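My structure is below; once you've seen it, I'll send some questions.
Nothing in this text is a laboratory measurement; each read-out follows from the coordinates by a stated rule. Note that the structure is a prediction, hence the values are computed from the model and not measured. We place every Cβ from the backbone using ideal geometry, glycine too, and count neighbours over all the protein chains shown.
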2 protein chains.
Amino acid sequence: MASQQFEPPSGTRDFLAADLRQRERVFQAARRVFERYGFEPLQTPAFERLETLTGKYGDEGDKLIFKILKRGAHEASGEADMALRYDLTVPLARVVAAYGSQLPTPYKRYAIGPVWRADRPGKGRFREFTQCDVDVVGSSSPLVEAEVVCAGADALVAMGVEDFTILINSRKALTGLMQVYGVPADRAAGALITLDKLDKQRPADVAAELVEARGLDQGTAEKLVSDVTADDATDRMRAALKDSPEGAEGLAEVDRLLELAGPYVGEGRIRFAPNLVRGLDYYTGAIWEVVAPGLPGSIASGGRYDHLIQAMGGPDVTACGFSIGVERIIGALGAAGDQTDHIDVAVTVMDEAYVTDALGFAQELRRAGWAAEVFLGASRKLGKQLKWAADRRARYALLQGASEHAAEAVTVRDMETGDQERVSVGGLFTALDSKLRM
Amino acid sequence: MASQQFEPPSGTRDFLAADLRQRERVFQAARRVFERYGFEPLQTPAFERLETLTGKYGDEGDKLIFKILKRGAHEASGEADMALRYDLTVPLARVVAAYGSQLPTPYKRYAIGPVWRADRPGKGRFREFTQCDVDVVGSSSPLVEAEVVCAGADALVAMGVEDFTILINSRKALTGLMQVYGVPADRAAGALITLDKLDKQRPADVAAELVEARGLDQGTAEKLVSDVTADDATDRMRAALKDSPEGAEGLAEVDRLLELAGPYVGEGRIRFAPNLVRGLDYYTGAIWEVVAPGLPGSIASGGRYDHLIQAMGGPDVTACGFSIGVERIIGALGAAGDQTDHIDVAVTVMDEAYVTDALGFAQELRRAGWAAEVFLGASRKLGKQLKWAADRRARYALLQGASEHAAEAVTVRDMETGDQERVSVGGLFTALDSKLRM
């Protein structure tokens with residue numbers, strides 16, 4: 001890396017060929033899965049009107065929005081009128097509002113593209129990063145959750161993530177849980193935020209916070225934490241939730257999703273997780289999070305969010321979606337270096353007089369779909385050109401010196417074995433084409 | 001389209017499925033060609049540090065840069081510290097400066113991605129639009145021009161543009177032309193800008209401007225315009241250029257490129273155009289522009305620009321590139337509507353009890369790579385679900401009513417012919433798979 005002035009801006013990245021190809025493979029794997037499920041691609045602009053974005057992500061989120069200065073005579077005002085998109089959900093809400101009847105019903109869309117957040121950059125945290133979302137807008141069928149979960153799970157597998165667990169819960173089940181344990185309705189939301197910390201904090205600390213910060217009485221807090229963390233927590237929750245109509249409804253949502261998606265997601269890859277809360281309060285039904293061994297936190301998450309699009313300025317339509325943390329997954333796949341693509345044939349140029357022939361060999365190969373390159377350097381030394389062929393990871397190199405040229409022949413060098421074979425110019429394409437197909 | 005508040009920002013576009021797929025097909029066609037030529041993909045961030053961009057595009061260009069406001073405590077200053085990229089060339093210069101020795105030599109890269117310019121939006125002119133560039137950095141071989149021109153021409157054909165002409169000239173030939181006609185060196189640049197207007201203005205008007213605005217004497221101006229617009233202009237120019245060493249050198253560049261690329265670009269698709277000037281003054285060698293019948297202006301252009309990367313803050317390396325106007329080409333390809341993709345199988349759901357079966361049919365098809373959708377609406381009416389299958393352009397619809405379900409069968413409907421066939425559930429996949437392969 002050269003001096004800092006040539007590095008990309010803080011929190012952003014340049015993707016050279018190997019990394020870019022690895023990313024594209026991952027995105028393409030997801031696209032193929034989503035297309036098979038009948039999801040349609042959507043691409044919206046990088047920026048939106050400022051008022052489209054502000055007020056949608058809370059005070060903390062608003063601070064992270066990259067704002068675009070007005071232009072021309074208005075630049076001096078120091079005011080912004082646009083902003084880089086912060087996620088793919090607000091643009092979806094705008095599109096649903098704008099194109100309503102032109103869209104299929106329900107509207108099943110996927111989007112894979114960059115978003116921008118002025119977060120403090122850190123390991124695995126970027127200011128420009130790619131999100132990968134599938135959403136279904138306009139259907140309240142429980143099949144939607146199953147379709148979205150199956151599509152997300154298939155996409156994870158296609159991306160190369162085999163070992164994961166989808167933890168399922170329901171907003172209604174959580175509300176029911178609070179009712180059953182006698183948590184007053186006005187303290188339920190806060191209590192759930194605290195309960196969500198059980199994956200990171202000791203049960204006793206969570207119980208203490210429920211009492212001190214959330215106003216639950218000691219007995220309720222301890223019983224709740226103890227039941228939720230018990231070895232048979234799932235059974236205890238199932239039993240408890242039956243005592244609340246809303247809890248029973250939430251449990252039915254969870255069970256329907258397990259029943260429908262379970263057989264396709266795969267044995268042991270999906271289960272009821274009664275203490276899964278999810279931080280975002282816009283979910284209205286089933287919620288889920290995907291965890292994978294060795295990766296802290298979650299690698300994907302989603303759920304039903306029936307009124308969010310209305311809250312974001314769109315019409316009041318039902319919606320359900322799954323967002324896959326592609327940056328975390330790509331990060332976990334490891335360096336792309338060992339997957340670098342090769343070219344098929346490197347054509348050396350041993351003499352100015354043979355340039356036309358060299359270009360001709362390359363063009364014939366390219367027409368047939370092979371990747372071929374001609375040496376573009378000034379050197380006419382064989383060693384230098386063979387090093388170039390090796391650096392380009394060519395499978396074969398073509399050498400044409402004076403003796404080959406005089407004999408209307410070319411030497412084909414296998415770059416892996418070093419074997420060389422002289423072939424007539426007339427038979428070169430056929431010979432190479434069959435070698436390359438092997 | 002709904003109310004204006006939901007439209008994308010002025011000069012930007014939402015791409016729904018059909019348009020996005022058409023765009024992606026065009027980009028993918030170009031990518032495949034570039035990869036066959038051994039060009040490597042590069043992706044840089046959407047924004048750069050402000051100082052990386054300012055001063056690179058002239059005063060007019062600078063005004064069109066979208067600047068990003070500082071954040072947090074600095075937001076109130078009204079100052080910008082970043083800006084959306086204005087083209088793909090400045091980021092290339094930065095990358096060459098930053099990664100120098102990590103890049104292959106020469107560095108052959110392609111980039112297809114959005115750039116942003118705060119231009120006044122108009123027909124075919126956008127504030128967010130895609131550029132498609134190939135460049136070779138670090139080789140002064142004349143093979144580079146041939147490779148770049150061949151790659152660009154192949155990309156145009158792959159994108160669906162068959163009928164085009166590549167007009168070739170050389171900066172050195174233009175300099176020689178001015179010398180031969182006795183235009184003083186300090187008036188040559190201005191005179192060339194005027195001469196470039198010959199494709200839009202009458203010869204007499206151009207000659208008058210050469211006298212009045214550029215200070216040429218009457219006789220020189222008239223002779224120059226007359227020779228350049230003559231039926232045998234090419235021959236006259238070839239003859240004239242031989243009288244200037246620089247002109248002869250430029251002509252040799254042109255002829256070398258015609259000789260090398262001509263056989264591959266195709267008969268009549270490439271020719272010497274002695275009055276081609278190109279507005280940009282950073283070209284140093286061969287220059288070219290691609291014109292196509294029915295499309296005003298040019299659809300692609302390029303040339304050698306040996307010192308631009310240094311001027312843009314990078315090292316002093318030779319460079320040569322080709323930029324394809326993909327937005328103009330996509331615009332000329334016409335509406336994407338008639339190329340809408342279909343899904344393979346639409347699975348209807350005639351009864352709640354058959355949901356599990358319906359999902360199972362879809363999943364089996366998806367596993368085999370077919371695109372299948374399950375009806376997600378609330379209606380259980382056949383007519384409504386068949387309309388949905390038709391709207392989704394499904395090739396086949398699966399129907400399972402009470403009689404089919406009782407018989408463990410499914411009716412397969414050919415959506416084009418309306419033909420229906422009852423198939424046992426056990427044999428469904430095999431039957432459908434073979435129908436879909438036809």
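About its Cα centre, what dipole magnitude does chain A give when the only charges are +1 on Lys and Arg Cβ and -1 on Asp and Glu Cβ, stated in debye to the nearest 20? Before the final figure, lay out the partial values.
On the way: 52 positive and 64 negative charges, 161 e Å.
For chain A, the charge dipole is close to 780 debye.
Compute the helix-to-body angle for A:89-99: its Cα long axis versus the longest principal axis of chain A, expressed 0 to 90° and rounded to tens.
Rounded to the nearest ten degrees, it is 90.
Now for a separate question. Sort B:M415, A:M82 so that the residue with the fewest other Cβ atoms within 10 Å of its own Cβ comes first and the one with the most comes last. Walk me through the intermediate numbers first.
Numbers: B:M415 18, A:M82 27.
If I rank by nearby Cβ atoms, fewest first, I get B:M415, A:M82.
Residues in segment A:100-117 near a label at B:A378, defined as backbone nitrogen under 15 Å from the 7 Å Cα→Cβ point?
A:106
Something else about it: Considering only the other residues whose Cβ falls under 10 Å of the Cβ of B:A221, what net charge follows from Lys and Arg at +1 and Asp and Glu at -1? Write down the numbers at each step before the final one.
On the way: positive: B:R214, B:K223; negative: B:E209, B:E212, B:D217, B:E222.
Around B:A221, the charge tally is -2.
Which whole-number percent gives the relative contact order of segment A:347-406, counting Cα pairs below 8 Å spaced six or more residues apart? Write out the running numbers ahead of the final one.
Working: 50 pairs, mean separation 27.9, N = 60.
47 percent.
Moving on to the next point. Got a sec? Charge dipole of segment B:342-437, +1 on Cβ for Lys and Arg, -1 for Asp and Glu; which of B:F429, B:T356, B:A394 is way out at the positive end?
B:A394
Just need the relative contact order of segment A:166-280 here, percent rounded to a whole number, with Cα pairs under 8 Å and 6+ apart. It would help to have the intermediate numbers written out before the result.
On the way: 142 pairs, mean separation 54.1, N = 115.
The normalised contact order for segment A:166-280 reaches 47 percent.
Right, another one. Under a point spin-label approximation (7 Å from Cα along Cα-to-Cβ), what is the A:A248-B:A233 distance to one decimal in nm?
In this crude label model, A:A248 to B:A233 measures out at 8.7 nm.
Now a separate question. Expressed in whole Å with the largest first, what are the equivalent ellipsoid semi-axes of segment B:353-435 derived from the C-alpha gyration tensor as the square root of 5 times each eigenvalue? Don't jump to the answer; show the numbers that get you there.
Details: eigenvalues 56, 48, 37 Å².
The answer is 17, 16, 14 Å, longest axis first.
Go through segment B:124-215 and name the GluC sites (Glu not before Pro) that are in a DSSP coil and have 15 or fewer other Cβ atoms within 10 Å of their Cβ. Present the calculation step by step, with values, prior to reporting the outcome.
Values: sites: B:E128, B:E145, B:E147, B:E162, B:E209, B:E212; in loops: B:E162.
Those that pass, being in a loop and sparsely packed, are B:E162.
Using unit Cβ charges (K, R positive; D, E negative) and no other charged atoms, how large, in debye to the nearest 20, is the dipole of segment B:328-438 about its Cα centre? Provide the component values of the computation, followed by the final result.
Numbers: 14 positive and 16 negative charges, 69 e Å.
Dipole of segment B:328-438, to the nearest 20 debye: 340 debye.
Looking at segment B:79-135, which trypsin sites (Lys or Arg not before Pro) are in a loop (DSSP not H, G, I, E or B) and have at most 11 other Cβ atoms within 10 Å? Please list the in-between numbers first.
On the way: sites: B:R85, B:R94, B:K108, B:R109, B:R117, B:K123, B:R125, B:R127; in loops: B:R85, B:R117, B:K123, B:R127.
Listed in order of number, the matching sites are B:K123.
Using modelled amide H (1.01 Å from N, peptide plane; none on Pro or chain starts), what sits under 5 Å from the amide H of B:A286, excluding residues fewer than 5 places away?
Correct list: B:R171, B:R304.
Got the B:D281 label distances to the other copies yet, label 7 Å along Cα→Cβ, in nm, shortest first?
Relative to the other copies, B:D281 has label-point distances of 6.1 nm.
With an 8 Å Cα cut-off and a minimum separation of 6 or more residues, compute the relative contact order for chain A in percent. Mind showing how you got there, number by number?
Numbers: 727 pairs, mean separation 63.9, N = 438.
Once normalised by length, the contact order is 15 percent.
Shifting gears a bit: Can you list, shortest first in nanometers, how far A:A406 lies from the same residue in the other copies, with each label 7 Å from Cα toward Cβ?
9.1
At most 14 other Cβ atoms within 10 Å and a DSSP loop assignment: could you name the trypsin sites (Lys or Arg not before Pro) in segment A:9-64 that fit? Intermediate results must be reported in sequence, preceding the final value.
Details: sites: A:R13, A:R21, A:R23, A:R25, A:R31, A:R32, A:R36, A:R49, A:K56, A:K63; in loops: A:R13, A:K56.
Answer by residue number: there is no such site.
Run through the other copies and list how far each one's label point is from that of B:E79, in nm with one decimal, shortest first; the point sits 7 Å from Cα along Cα-Cβ.
Output for B:E79: 2.2 nm, nearest copy listed first.
Taking a cut-off of 14 Å between Cα atoms, list the aspartates and glutamates near A:K435, but don't count ones fewer than 8 places away on the same chain.
Within the straight-line cut-off, A:K435 pairs with A:D344, A:D414, A:E416, A:D419, A:E421.
As a test of understanding, state the convex hull volume per residue of chain A from its alpha carbons, in Å³.
Working: hull volume 97.2 nm³, N = 438.
So the per-residue hull volume is 222 Å³.
Could you please rank B:R269, A:R367, placing first whichever residue has the fewest other Cβ atoms within 10 Å of its Cβ?
On the way: B:R269 18, A:R367 13.
Neighbour counts put them in this order, fewest first: A:R367, B:R269.
Using Cα atoms only, what is the angle between the long axis of helix A:245-265 and the major principal axis of chain A, expressed in degrees (0 to 90) to the nearest 10?
The two axes meet at around 20 degrees.
Counting Lys and Arg as +1 and Asp and Glu as -1, each charge on the Cβ, what is the dipole of segment A:1-152 about the Cα centre in debye, to the nearest 20?
340
Consider the operator that turns chain A into chain B: which A residue has a Cβ nearest its axis, and what is that gap in Å?
A:G78, 1
Regarding the protein assembly as shown, what are the three Cα extents along the principal axes, ordered largest first, in Å?
Computed over the Cα atoms, the extents are 100, 66, 54 Å.
Can you give me the long-range amide H partners of B:E40? Hydrogens built in the peptide plane at 1.01 Å from N, cutoff under 5 Å, separation of 5 or more residues or another chain.
Close amide H contacts, sequence-distant or interchain: B:K108, B:R109, B:Y110.
Mind checking A:23-32 for the average number of partner chain beta-carbons within 10 Å of each residue's beta-carbon? Write out the running numbers ahead of the final one.
Details: counts 2, 3, 0, 0, 0, 0, 0, 0, 1, 2.
If you average over the peptide's residues, the count of other-chain Cβ atoms is 1.
To continue, here is another question. For segment B:119-128, in order, what is each residue's ³J(HN,Hα) by Karplus, 6.51 cos²θ - 1.76 cosθ + 1.60 with θ = phi - 60°, in whole Hz (x at glycine and Pro)?
The phi angles translate into 6, 5, x, x, 4, x, 10, 10, 8, 10 Hz.
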